[in-house]
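Asks: The structure under discussion is supplied below as structure tokens; questions concerning it will follow.
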Amino acid sequence: MGKYVLKRILLMIPILLGVAILIFTMMYFCPGDPCEIILGASATEMQVEALRDQLGLNDPYLVRLFNFLKEIIVNRSFGNSYIQGTSVVTLAAGSILLSTLIGIPLGISAAIHANGAGDRISMFVSMIGVSMPNFWLALMLVLLFALKLHWLPSSGDKGAKYYILPIVANALGGIAGIARLTR
């Protein structure tokens, strides 16, 4: 059993490396300039170029990919938000924790009551959760809870309440997937 687990853990390394390279490559070729977003429309071309140099965005693809992988492997850092400058680990850890804490009990409950009304409803809701794009869900949550109800802020990082909407938006797809898998 121990050899099997070790083999599976070792097989994860090239898979995670491949996924990281694939995501980096997709983001590299996406249109848009984060420096223009950070500095705003009133920024001069010199300011944009200076920020691009500071962030290493003018480096060639392979240099940027190497630096990206080095940060992940050596420093275990997944980077910071371009806008707020906060670590993305906080958001990711909160989303994973929420997904696990809700998804596993939901899946177990559905499995215990297999083919019952609760099982069918939870699996139907899970199917919707898996199918729904996170960016669209995030926009709908901001519209409802920030703009209509005024319960939560729409953006920022000045406290725990600023992380609620992003964590929930990222976690709902995970909750649905974990619940289906657990069942």
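Each reported figure results from applying straightforward, stated rules to the coordinates on display, with no laboratory input. What you are looking at is a predicted structure, and each value in this text was computed from that prediction instead of being measured. Cβ coordinates were reconstructed from backbone atoms using ideal geometry, including for glycine residues, and neighbour counts include every protein chain displayed.
Asks: Note down the nm distance, to one decimal, between modelled labels 7 Å out along Cα→Cβ at Ile13 and at Ser154.
Replies: Label at Ile13, label at Ser154, 4.7 nm between them.
Asks: Let me ask something additional. Relative to the first principal axis of the alpha-carbon coordinates of the chain, what is the inclination of helix 45-55, with its axis defined by its Cα atoms, in degrees from 0 to 90 and to the nearest 10?
Replies: That works out to roughly 60 degrees.
Asks: Classify segment 59-143 as rounded, prolate or oblate, taking a ≥ b ≥ c as the square roots of the eigenvalues of its Cα gyration tensor: rounded when a/c is under 1.5, otherwise prolate if a/b is larger than b/c and oblate if not.
Replies: Working: a/c = 2.91, a/b = 2.27, b/c = 1.28.
Taking the square roots of the gyration eigenvalues as a ≥ b ≥ c, segment 59-143 is prolate.
Asks: Of (i) 15.4, 48; (ii) 16.1, 49; (iii) 20.2, 64, which is the value of Rg and Dmax of the Cα atoms in Å derived from the coordinates here?
Replies: (iii)
Asks: Another question, then. Using only helices, what value at 222 nm comes out for the chain when you add -39,500 (n - 2.57) per DSSP H run of length 4 or more and divide by the total residues, to the nearest 500 deg cm²/dmol? Write out the running numbers ahead of the final one.
Replies: On the way: 8 runs with 128 residues, N = 183.
Value at 222 nm, helices only: -23000 deg cm²/dmol.
Asks: How far is helix 161-182 tilted, in degrees, relative to the longest principal axis of the Cα atoms in the chain, given as a value from 0 to 90 rounded to the nearest 10?
Replies: 50
Asks: Same structure, new question: Compute the angle between helix 88-112 and the longest alpha-carbon principal axis of the chain, please, reported from 0 to 90 degrees and rounded to the nearest 10.
Replies: 10
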